[in-house]
Amino acid sequence: MKPLFSAPVVPAIIEWRDDEPWSTVYQDVYFSKKAGIEESTAVFIRGNDLETRFKQPGNFSILETGFGTGLNFLIASDLFERTSPSGLLHFFSVEKHPLKKEDLIRALRTYPGLPCETLIERYAPWTHGFHHIVLSPRVILTLMIGDVSEILPLVRGRFDALFLDGFAPRQNEDMWSREIALELARISGPGTTLASFTSAGHVRRALIEAGFAVEKTPGFGTKREMIRGSMPGTPRRQTPSHAVVIGAGIAGASTAFSLAKRGVPCTIIDRQDKPAREGSGNRRGVFQPVLAASPTPWSRWTLAGFEYLCSLLRSLNFPTNFCGVFQAAEDEKELQRMQRAISVWPAELGRILSRPEASRVTGVDIPFPGVLFPGAGFLSPSDLTQRLILQSNAQTLYGQSVARVEKMDSGFRITTAQTTVDADCLFYCAGTGTPQFVDAPVSATRGQIHYIPPWNETLRTVICADGYLIPGNDFWTAGSTYSRTDTTSSPHIEGQNEILEKLRNAIPDVPHFETLLDGRVGYRISAKDRFAIFGQLGDHAFLSTAHGSRGIVSAPLAAEVIASLACGMPVPVESDLMNHFQNRYAIKHKL
Ligand code: SAM
């Protein structure tokens, strides 16, 4: 793994000079207090002609070098929300030294009326790499933490506009080099525009050499000149006009939701008579990142997915219990592994609890220490699936098995026993049905869970050990079995006993239940290496599957990735991570 992801993030050191944020590292001001909004609007909004361009229907993507206080982002997103008739604004911004939250608050609340509270609420301590904040149903921020020279090569896709805002070139040459100009050209297409407050000759020349047409225009306030530029050519949009999503579980629902946000109408087809009838059908499910002792692809992915999910849930106001998840370390080796893992991630993500602390925090007697993920928790995956489908306004065809998929001149024809649907792009989110459509090394594992009567009133967090226990007012949820050979479709007493026995090791007062409790059987679909499979399959066909028992954190971000790819928008995940996931297996479309 690249050193970037394991190096600690150094936050910005701000000095407040007359209430203006001043960078002690770069010896320059972030913005002027008196006219920050006016300057940002004059340079970046007008410099990119956004007042006119936002009025056209469709999605829009912006890349900024230097997130700073987020002022440019807030001004652009506010304008988009107010004036754009449809589509999504996806704003990517690079930042090497993120502001501490208290500095961000002080900087942004200077401006009465600036809609900054949601950004403040969702702003967190960041690790290196890409992070997502869902600001509203129509605006997503991908904050890319790291040096611009390391981050830009990880960006894939084409942007509509670029904001170049990295402190004065004299103070900060690294941000304005020829290599950066070439990277900016790589992620631009015909019609991509750029604007910057600087008109320094070497910056202009580097951009021109990289292929941009650049002009000097009058600067704002006391600045004589600024630059604006564009990549020659006419922009092309490729938003699909209709998508079919096969599968109405969490992967399919998230995909329809991400497509709908980008203005793509969807039809969802599922063989079951209702959504979330298979792997996503549990009434309770745990969400948490899976942190390893180094930034492995899987821990980076689950952390990004977890952050995106939390932000999405908040933006949807979806009923979620952020009660925390305690993971017990049942032996010394496990505890050491957890300690190593916790030490490489920000302290806010997780902390080690001693044995007495574990009992106090969880509310039940636990004979083990472990790690607490305070921001994690549980929700109803089946309700989330239904909510995302509802929100997507998708047409739904339930109780219909796909019999045939044909490639047509302009897309696909999908036939079920009852109907035929044409689509210009196709998404396989079919869970255990995946092998019907693609040749992928996936298999199903049976999982049995039970809804059990609470036996004390003090359980406060989710407890994960060899099995898990989820609190709740009316019932608790205990899971789970893992079997590749058991084919029984309903819960059985042996499975129930197995779960409770496993749990009893970490929670000794788990009672014995003689009768079969309410429960459920689902099948997790996983790849050989247990990591999710998502991405583009071929022309206009996409896949999201094998999220295993991590569907809640993995499927929504995978949906963002494949919906972005389908709409020709920049990919919200680092390209090395995408390559890792995409290049593991040669997956063939069975057409
Ligand atoms: N756009 C910001 C706003 O709206 O508040 C102001 C940006 S400020 C003028 C420049 C930002 O660029 C700073 O936050 C700084 O930390 C960041 N920066 C400087 N050099 C960088 C580098 N090499 N890589 C990434 N970010 C860098």
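The values are calculated or read from the model by the stated rules, or taken from the named source; none is laboratory data. Note that the structure is predicted; figures quoted are calculated from it, not measured. Backbone-built Cβ (ideal geometry, glycine too); neighbour counts: all protein chains shown. Heavy atoms of the whole protein, side chains included, go into the accessibility calculation; ligands, DNA and RNA do not. Shrake-Rupley method; radii C 1.70, N 1.55, O 1.52, S 1.80 Å.
Couple of notes before you dig in:
- In the chain, taking the dipole from charged Cβ atoms about the Cα centre, the farthest positive-side position among Gly233, Ser23, Ala440 is held by Gly233.
- Direction-averaged projected area, Cα convex hull, segment 14-230: 10.8 nm², rounded to one decimal.
- With DNA, RNA and ligands ignored, accessible area of Arg53 (1.4 Å probe; Å², nearest 10): 40
- For segment 85-96, Karplus couplings with θ = phi - 60° (6.51, -1.76, 1.60), whole Hz, Gly/Pro x: x, 6, x, 10, 9, 10, 10, 9, 9, 8, 8, 7
- Residues Arg205 and Leu516, FRET efficiency given R0 of 60 Å [Cβ-Cβ distance, rounded to 0.05]: 0.20
- Comparing Gly146, Gly166, Leu50 along the charge dipole axis of segment 14-230, the residue lying farthest to the positive side is Leu50, per the Cβ-charge model.
- The relative contact order of segment 14-230 comes to 20 percent, based on Cα pairs under 8 Å that sit 6 or more residues apart.
- Estimated FRET transfer efficiency when R0 is 30 angstrom, pair Trp16-Thr52 (beta carbons, to 0.05): 0.25
- Surface composition of the chain: carbon plus sulfur atoms hold 49% of the accessible area, using a 1.4 angstrom probe and ignoring ligands, DNA and RNA.
- Estimated distance in nm for a label pair at Asp439 and Lys333, the labels positioned 7 Å out from Cα along Cα-to-Cβ: 3.9
- Approximating the spin labels as points 7 Å out from Cα along Cα→Cβ, the Arg170-to-Asp365 distance works out to 7.2 nm.
- The heavy atoms of Ser315 offer some 40 square angstrom of accessible surface to a 1.4 angstrom probe.
- Once the Cα gyration tensor of segment 67-188 is diagonalised, semi-axes √(5λ) in Å: 23, 18, 14
- Normalised by 2.2 N^0.38 Å, with N the number of residues, the alpha-carbon radius of gyration of segment 330-475 equals 1.54.
- Förster radius 41 Å - calculated FRET efficiency between Ala293 and Ser483 (Cβ-Cβ, nearest 0.05): 0.90
- Ligands, DNA and RNA aside, Trp16 has an accessible area near 60 Å² when probed at 1.4 Å.
- With the gyration tensor restricted to C-alpha atoms of the chain, the semi-axes of the equivalent ellipsoid amount to 43, 30, 19 Å, longest first.
- Percent of beta bridges antiparallel (DSSP, the chain, rounded to nearest 5): 65
- Think of a 1.4 Å ball rolled over the protein heavy atoms: the chain then has 40 Å² of accessible area per residue.
- Each Cα pair under 8 Å and six or more residues apart adds its separation to the average, and for the chain the resulting relative contact order is 14 percent.
- Distribution of pairwise C-alpha distances over segment 356-416, 10 Å bins, in %: 15, 22, 21, 14, 16, 11, 2
- Cα-based Kirkwood hydrodynamic radius, segment 179-229, one decimal, Å: 11.1
- Under the span-like rule (Cα at least 24 Å along the axis, Kyte-Doolittle mean at least -0.5), DSSP H helices of the chain: 297-316
- Within the chain, longest stretch free of exposed GluC sites (Glu not before Pro) [DSSP loop, at most 13 other beta carbons within 10 Å]: 1-347
- Value at 222 nm in deg cm²/dmol, rounded to 500, when DSSP H runs of n ≥ 4 in the chain each add -39,500 (n - 2.57): -8000 deg cm²/dmol
- Calculated P(r) of segment 409-510 - Cα pairs past 19 Å, %: 60
- Of the Cα atoms belonging to segment 466-591, the radius of gyration and Dmax stand at 19.2, 56 Å.
- Computed P(r) (all Cα pairs; segment 136-230; 10 Å bins; percent): 16, 48, 30, 6, 0
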